[in-house]
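Single-structure report; data block below.
The values are calculated or read from the model by the stated rules, or taken from the named source; none is laboratory data. Just so it is clear, the model here is predicted, and its values are computed rather than measured. A quick note on method: Cβ atoms are made from the backbone with ideal geometry, for glycine too, and the neighbour counts reach across all protein chains shown.
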Amino acid sequence: MEAFKIKNDLAKFLGLDHLKNYIFKEEVLSEQLLVDNCPICGEKGAPFHNAPCYNMINYTDNFLPSKLWMKCNSCENLYSKYYPHKFFNTNHSIKVIRNGVTPTPSHLQSNVSTHTLRNWCDILNNISEYSNGTDILEIGIGKGALIATALEFGYSIDCIEIDENIAYEISNILNHDIICCDFLNFRTDKTYDIITMGDVIEHLSNPINGLKKAYSLLNDDGVLWISTPNYNSAFNKLHKINTAMWNEPYHLTYFSKTGLENIIKKLGFEILDYRISINYNGSMEIILKKVRI
């Protein structure tokens with residue numbers, strides 16, 4: 001940070017194409033939300049790791065070029081010390097996206113491999129060991145791979161996506177309705193047999209509220225599948241700080257296996273299955289069952 005303050009065009013000397021026109025502006029400092037306390041338990045944290053998030057191809061000048069991860073002294077989960085205010089502005093609108101014109105095509109479908117689809121096949125088969133239901137709610141649709149796989153298997157799937165451009169694109173590709181909204185603002189009288197949150201909770205300013213919301217939308221004995229980075233995973237222990245997850249600008253919170261398990265047990269879930277993700281390095285996948293209280 002100090003280097004960028006001294007030489008605001010430092011990025012052009014770093015040899016990264018996505019930064020060749022980047023100029024650091026100190027006013028971006030005033031546009032950051034300072035997260036003093038852990039968003040999980042509310043306790044104070046201490047500096048844990050400082051990461052050059054400008055290295056990431058999805059970095060934009062809304063973020064500080066350096067990302068400071070804090071470690072909570074109480075629950076031991078990690079959180080980002082600074083995050084742009086604009087990404088905390090809640091949009092309360094809810095829109096159902098149906099097959100229509102895509103505003104900004106990104107050709108997401110070209111990036112979905114047979115390997116990805118087979119992996120979702122395995123995940124659904126694993127979930128089916130714990131649930132006989134066929135009603136799924138997917139939170140965060142990514143490239144549409146789970147939707148396509150679930151439809152092939154005969155599931156009924158509703159989908160929530162906060163990014164309108166992605167919602168339009170996937171709706172067009174699969175001819176499937178997408179609900180465009182912030183998940184926490186989603187309202188329905190329907191409940192689901194299965195809810196998936198693939199790489200979602202690390203983006204939430206309040207992960208506890210997100211998990212509580214998922215709990216409320218599950219049928220009795222419903223199943224929740226979660227994928228999220230594990231900062232204390234085998235992969236991250238082996239590779240130390242040389243992994244992309246540390247530099248990811250859009251991530252807010254990271255958990256360890258133990259830290260996440262402690263939270264979800266308190267919220268009324270039973271842990272059924274834990275696996276190392278094959279989709280993302282250093283991530284974990286957990287299947288949870290809603291316990292009737």
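Here are some notes:
- Whenever a residue of the range 240-255 is touching a residue at least 12 places away in the same chain (Cβ under 8 Å), its partners that are among the basic types (Lys, Arg), lying with C-beta atoms within less than 9 angstrom and at least six residues away or across chains, give the pairs Trp246/Lys67; Asn247/Lys67; Glu248/Lys67; Pro249/Lys67; His251/Lys67.
- The set of residues in the range 149-183 being free of Cβ contacts under 8 Å to residues at least 40 places away in the same chain, under 22 Å from Gly222 (Cα atoms) and hydrophobic (A, V, I, L, M, F, W, C) consists of Ala150, Leu151, Phe153, Ile157, Cys159, Ile160.
- Filtering the range 134-147 to residues that are in a loop (DSSP other than H, G, I, E, B), of a type in the set (Val, Ile, Thr) and either buried (at least 19 other Cβ atoms within 10 Å of the Cβ) or touching an Asp or Glu at 6+ places or on another chain (Cβ under 6 Å) (or both) leaves only Ile141.
- Selected residue (criterion: surrounded by the most Cβ atoms within 10 Å (Cβ to Cβ)) from residues of the range 1-38 that are more than 26 Å from Leu78 (Cβ to Cβ) and among the polar types (S, T, N, Q): Asn8
- Scan of the range 73-82 for residues that are at pLDDT below 95 and not polar (S, T, N, Q), ordered by number: Cys75, Glu76
- Tallying residues that are in contact (Cβ under 8 Å) with a residue 12 or more places away in the chain, among the hydrophobic types (A, V, I, L, M, F, W, C) and either farther than 18 Å from Ala51 by Cα or not in a loop (DSSP other than H, G, I, E, B) (or both) within the range 1-30 yields 7.
- Qualifying residue in the range 176-192 (condition: within 24 Å of Arg275 (Cα to Cα) and over 14 Å from the mean Cα position of the chain (by Cα)): yes
- Qualifying positions in the range 1-48 - under 26 Å from Glu202 (Cα atoms) and polar (S, T, N, Q): Ser30, Gln32, Asn37
- Applying the condition of being among the charged types (D, E, K, R) and in a helix (DSSP H, G or I) to the range 148-199 and asking which residue is surrounded by the most Cβ atoms within 10 Å (Cβ to Cβ) yields Glu169.
- Out of Asn21, Asn73, Asn99, one residue alone is assigned by TED's automatic domain parsing to the domain that holds Asn165 and more than 22 Å from the chain's Cα centre (by Cα). It is Asn99.
- Selection from the range 55-70 of residues that are farther than 30 Å from Ile179 by Cα and more than 19 Å from the chain's Cα centre (by Cα): Asn55, Leu64, Pro65, Ser66
Conditions (1) in the same structural domain as Thr134 (by TED's automatic domain parsing); (2) touching a helix residue (DSSP H, G or I) at 6+ places or on another chain (Cβ under 6 Å); (3) at pLDDT 95 or above; (4) part of a loop (DSSP other than H, G, I, E, B), marked per residue:
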position: Tyr215; (1), (2), (3), (4): yes, no, yes, no
position: Asp220; (1), (2), (3), (4): yes, no, no, no
position: Ile226; (1), (2), (3), (4): yes, no, yes, no
position: Ile241; (1), (2), (3), (4): no, no, no, yes
position: Trp246; (1), (2), (3), (4): no, no, yes, no
position: Ile263; (1), (2), (3), (4): yes, no, no, no
position: Glu270; (1), (2), (3), (4): yes, no, yes, no
position: Ile286; (1), (2), (3), (4): yes, no, yes, no
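- All positions within the range 241-293 that are charged (D, E, K, R) and either surrounded by fewer than 19 Cβ atoms within 10 Å (Cβ to Cβ) or within 22 Å of Gly133 (Cα to Cα) (or both): Lys257, Glu261, Lys265, Lys266, Glu270, Asp273, Arg275, Glu285, Lys289, Lys290, Arg292
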